[in-house]
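Before any comments, here is the structure.
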Amino acid sequence: MPARNWRETVTVLPGVSGGAPIVRGTGFSVEFLASRFAAGESLAELAEDYDMTLETVENAIRAVVWAAFGRRGLRAETARRLEQEAQHG
């Protein structure tokens with residue numbers, strides 16, 4: 001089960017990706033990964049495409065969801081899909 005600690009996965013560097021949140025050590029935009037996941041790609045596909053662990057991809061997507069929904073928590077559909085993907089990797 002992933003650590004689900006997106007704060008260790010995501011960073012912001014002023015000179016990288018226009019200062020948008022990125023996956024630490026990669027330069028990949030977390031919003032880009034989340035948009036591909038929302039379009040139907042699996043965590044496994046994204047991890048393979050960008051040479052990341054499933055945990056890293058999941059944490060990056062959780063960061064976007066948290067930023068969008070904050071204290072209201074994960075939207076039910078997104079949360080359910082993340083859980084299913086994490087369990088079946």
Please specify each residue of the stretch 1-48 satisfying the condition of being over 18 Å from Trp66 (Cα atoms), among the polar types (S, T, N, Q) and touching a residue at least 24 places away in the same chain (Cβ under 8 Å).
Thr26, Ser42
The helices (runs of 4 or more DSSP H) lying wholly within the chain that contain at least 2 residues that are at pLDDT below 85 are 54-69, 76-88
Specify the residue that is surrounded by the most Cβ atoms within 10 Å (Cβ to Cβ); the eligible residues are those in the stretch 15-43 that are touching a strand residue (DSSP E or B) at 6+ places or on another chain (Cβ under 7 Å) and of a type in the set (Val, Ile, Thr).
Val30
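The values are calculated or read from the model by the stated rules, or taken from the named source; none is laboratory data. The model shown is predicted, which means the values in this text are computed figures rather than measured ones. Every residue, glycine among them, receives a Cβ derived from its backbone with ideal geometry; neighbour counts consider all protein chains shown.
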